[in-house]
Amino acid sequence: MARLFSVAHEQFSERVEDVKLSPRKLIFVAYEGVVAEHYYFTELSNLLKDLTEYNVDFFPLERLKNDGKSHPYHVRDGMIEYYSEKIKGSPTFDVIRDQLWIVVDVDRHFKNTENKTREQNYAEYLQSLTHDSVEIKLAISK
């Protein structure tokens, strides 16, 4: 008998049942902000990199400091574009297990308009966070 598989030395064991490995849950987080937010999310990414259950990917909305593209609609649209171009159809992305998140600042963006209240505008925004049967989850920064 081969030395590496010697029964006398019990150097192997029989598998009793099949063990399924669960893939990591993928979480994509998009945010706007060019200075402090980048620092916060870089630090958070460093803290989360050793997780075994999750794989979290943070990325900023590409914009300049005063370009007016900090509105939550831009962050949502950026996530939709990222999903459509990079994630959709990927064999590793599971719409039930994995998640898309955006982090936005809403304090000055949802105001009363001629036809709608601030609350109505915000409610419409929340309804717009489903795209191709994938829900974009929302985290609000203050």
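At 0.36 nm per residue, minus the direct Cα-Cα distance, what do THR92 and SER141 gain on full extension? Give it in nm, one decimal, please.
Separation in residues times 0.36 nm, less the Cα-Cα distance, equals 14.7 nm.
Which order do peptides 43-53, 129-139 fall in by mean Cβ count within 10 Å, highest first?
129-139, 43-53
Using the eigenvalues of the Cα gyration tensor, what equivalent ellipsoid semi-axes result for segment 75-142 when each is taken as the square root of five times the eigenvalue, whole Å, largest first? Mind showing how you got there, number by number?
Working: eigenvalues 146, 28, 19 Å².
With the √(5λ) rule applied to segment 75-142, the semi-axes are 27, 12, 10 Å.
Order these peptides, 85-91, 105-111, 23-29, by their mean beta-carbon neighbour count within 10 angstrom, highest first.
Sorting 85-91, 105-111, 23-29 by mean packing, highest first, produces 23-29, 105-111, 85-91.
Solvent-accessible area per residue for segment 38-124 at a 1.4 Å probe radius, Å²?
Accessible area per residue, segment 38-124: 70 Å².
The values are calculated or read from the model by the stated rules, or taken from the named source; none is laboratory data. In this text, all values refer to a predicted model and were calculated from it rather than measured experimentally. Counting neighbours? That spans all protein chains shown, and the Cβs are built from the backbone with ideal geometry, glycine included. Heavy atoms of the whole protein, side chains included, go into the accessibility calculation; ligands, DNA and RNA do not. Shrake-Rupley method; radii C 1.70, N 1.55, O 1.52, S 1.80 Å.
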